[in-house]
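Visitor: So that we are looking at the same thing, I have put the structure below in structure tokens.
The values are calculated or read from the model by the stated rules, or taken from the named source; none is laboratory data. For clarity, every value in this text was computed on a predicted model and none was experimentally measured. Cβ sites come from the backbone with ideal geometry, for glycine too, and all protein chains shown count toward neighbours. Surface accessibility is based on the protein's heavy atoms, side chains included, excluding ligands, DNA and RNA. Shrake-Rupley method; radii C 1.70, N 1.55, O 1.52, S 1.80 Å.
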Amino acid sequence: MLEVSELRQAMHGATAIQQSVIEHIYSKRWLQIWVPKTYGGLGCDFVTGLSHLYEWAKIDGSLGWMLTLCSGANYFSRNMQPKIAKQLFSKERTCFGGSGMIGGTADEQEDGSYTINGIWHYATGAPYLSHFTLNAHVLKQGKQLLDDTGNPVVRSFIVAQDQVTVIANWKSMGMKATGTFSFQVEQVTIPADHHFVYDTFYTQDIVTKIPFRVFADLTLLVNYIGMAHHFMEEAQKHVIHAKSVEAIVEIEKSWQQTLKYASQIEQVLALGAVVSPKLEDDIHRFGVELVERLTLYLTQVYVQLGIKGTQVDQPIYQIFCDFFTATQHANFRTP
């Protein structure tokens, strides 16, 4: 088993996750924190799962981000018919991941199968996935399928790794080891039971009932908090600045508030109630404002590091690049 220091060393300067780290991930079943126990997963509650994501982000930005998005994609096990979910997740190396964008087409055939075509972008973990998830416009033997209101029908699908072409086109300054690549599917036919609908569930536990907006907000937010913590920890090896001390206090307070929100969500759902739009809005606003504060803290401390902060072989530089790449995700950006 790898210790935190060994994981950090393996991820430093990496443009891909080393096989030893991948083996560690599988042995600890980190990708299955949100997969129900009935399917062979860890079935973590919300607070526990978020705590794992936070600790991983503190180790390394790329590692935390890949684990967050791929374990988050494995959450879709809950949207799949139980028979196929059990079949897929009985294998410890099953790992979903893909793109949230709507693109390409899925042509429904007479036997209920679908023929998939298209290109999708920003699939985190692409080199490590067993299955790719994608959203596509549904055709019916070549013709666009419309819903009752006249809008194009969109469904989500899973496609096995050996039926996908990965396009290694990630050029950003950070998150280099996440394997966030585009992928292409050409004339691939998949079974009818390899599609799912986001708001249709076959499991009934509390995690299943968490609104997707809240789940996305908090799972991404803990990554930013974890990366910011790692940055300030590393920065203090070079310069003790008042802003880094202040930031560490703020980061801890923010982490505790995040846990409170997660616990509040679980308590509401445990009582059989529904998470109110106001609570959803409060959590999202908290995330937006926190990312803005963390961004300011990192910038204020970074400019005090001197030339050391600009050297591409230094851990502090990698953490800085990872944070400012990850925060370009649309989720918390404001116009």
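Visitor: Just checking, how many residues over the range 133-158 are within 29 Å of the chain's Cα centre (by Cα) and among the basic types (Lys, Arg)?
Guide: Selection size over the range 133-158: 1.
Visitor: Among the listed residues 291, 245, 274, identify the single one that is over 25 Å from residue 63 (Cβ atoms), out of contact with any His (no Cβ under 9 Å at 6 or more places or on another chain) and either open to solvent by less than 40 Å² (accessible area, probe 1.4 Å) or not in a helix (DSSP H, G or I) (or both). Don't jump to the end; show me each part of the working.
Guide: Values: 291 fails: over 25 Å from residue 63 (Cβ atoms); 245 fails: either open to solvent by less than 40 Å² (accessible area, probe 1.4 Å) or not in a helix (DSSP H, G or I) (or both).
Among 291, 245, 274, only 274 is over 25 Å from residue 63 (Cβ atoms), out of contact with any His (no Cβ under 9 Å at 6 or more places or on another chain) and either open to solvent by less than 40 Å² (accessible area, probe 1.4 Å) or not in a helix (DSSP H, G or I) (or both).
Visitor: Could you check, for the range 162-183, whether at least one of its residues is assigned to a loop (DSSP other than H, G, I, E, B), touching a Leu at 6+ places or on another chain (Cβ under 7 Å), in contact (Cβ under 8 Å) with a residue 24 or more places away in the chain and open to solvent by 30 Å² or more (accessible area, probe 1.4 Å)?
Guide: Of the range 162-183, the ones assigned to a loop (DSSP other than H, G, I, E, B) are 164, 168-180.
This time we only want the ones that are touching a Leu at 6+ places or on another chain (Cβ under 7 Å), so: none.
Looking through the range 162-183, none of the residues is assigned to a loop (DSSP other than H, G, I, E, B), touching a Leu at 6+ places or on another chain (Cβ under 7 Å), in contact (Cβ under 8 Å) with a residue 24 or more places away in the chain and open to solvent by 30 Å² or more (accessible area, probe 1.4 Å).
Visitor: Here is a further query. With the checklist (1) touching a helix residue (DSSP H, G or I) at 6+ places or on another chain (Cβ under 7 Å); (2) at pLDDT 95 or above in hand, flag the one item residue 23 doesn't pass.
Guide: Tallying (1) touching a helix residue (DSSP H, G or I) at 6+ places or on another chain (Cβ under 7 Å); (2) at pLDDT 95 or above, residue 23 fails exactly one: (1).
Visitor: Applying the selection to the range 29-44, what residues are surrounded by fewer than 16 Cβ atoms within 10 Å (Cβ to Cβ) and either closer than 23 Å to residue 314 by Cβ or in contact (Cβ under 8 Å) with a residue 24 or more places away in the chain (or both)?
Guide: Residues of the range 29-44 that are surrounded by fewer than 16 Cβ atoms within 10 Å (Cβ to Cβ), as a first pass: 29, 37-38.
Matches in the range 29-44: 29, 38.
Visitor: Next up: Restricting the range 10-27 to residues that are without any contact (Cβ under 8 Å) to a residue 24 or more places away in the chain and in a helix (DSSP H, G or I), which is farthest from residue 131 (Cα to Cα)? Steps first, answer last, please.
Guide: Taking the range 10-27 and keeping what is without any contact (Cβ under 8 Å) to a residue 24 or more places away in the chain, we get 10, 18-20, 23-24.
Next, from what is left, pick out any that are in a helix (DSSP H, G or I): 10, 19-20, 23-24.
Values: 10: 25, 19: 18, 20: 21, 23: 18, 24: 20 Å.
Checking each candidate, the answer is 10.
Visitor: Report yes if residue 268 is in contact (Cβ under 8 Å) with a residue 60 or more places away in the chain, open to solvent by less than 70 Å² (accessible area, probe 1.4 Å) and not aromatic (Phe, Trp, Tyr), otherwise no.
Guide: On the way: in contact (Cβ under 8 Å) with a residue 60 or more places away in the chain: no; open to solvent by less than 70 Å² (accessible area, probe 1.4 Å): yes; not aromatic (Phe, Trp, Tyr): yes.
So residue 268 fails the test.
Visitor: From the list 153, 159, pick out the single residue that is without any contact (Cβ under 8 Å) to a residue 24 or more places away in the chain and either open to solvent by less than 60 Å² (accessible area, probe 1.4 Å) or touching a helix residue (DSSP H, G or I) at 6+ places or on another chain (Cβ under 6 Å) (or both).
Guide: Numbers: 159 fails: without any contact (Cβ under 8 Å) to a residue 24 or more places away in the chain.
Result: 153 is the single residue among 153, 159 that is without any contact (Cβ under 8 Å) to a residue 24 or more places away in the chain and either open to solvent by less than 60 Å² (accessible area, probe 1.4 Å) or touching a helix residue (DSSP H, G or I) at 6+ places or on another chain (Cβ under 6 Å) (or both).
Visitor: On to the next question. Among the candidates 187, 204, which residue alone is more than 28 Å from residue 58 (Cβ to Cβ), assigned to a strand (DSSP E or B) and open to solvent by 10 Å² or more (accessible area, probe 1.4 Å)? Working first, answer last.
Guide: Details: 204 fails: assigned to a strand (DSSP E or B).
Result: 187 is the single residue among 187, 204 that is more than 28 Å from residue 58 (Cβ to Cβ), assigned to a strand (DSSP E or B) and open to solvent by 10 Å² or more (accessible area, probe 1.4 Å).
Visitor: Then there is this: Look at residue 240 and say whether it is free of Cβ contacts under 8 Å to residues at least 60 places away in the same chain and among the hydrophobic types (A, V, I, L, M, F, W, C). Give the derivation first.
Guide: Values: free of Cβ contacts under 8 Å to residues at least 60 places away in the same chain: yes; among the hydrophobic types (A, V, I, L, M, F, W, C): yes.
Taking the combined requirement at face value, the residue satisfies it.
Visitor: State all residues of the range 131-161 that are in a loop (DSSP other than H, G, I, E, B) and touching a strand residue (DSSP E or B) at 6+ places or on another chain (Cβ under 7 Å); if no residue qualifies, say none. Give the steps one after another, and end with the answer.
Guide: Applying the first criterion (in a loop (DSSP other than H, G, I, E, B)) to the range 131-161 yields 141-142, 145, 147-151, 153.
Residues satisfying the conditions are 141, 142, 145, 153.
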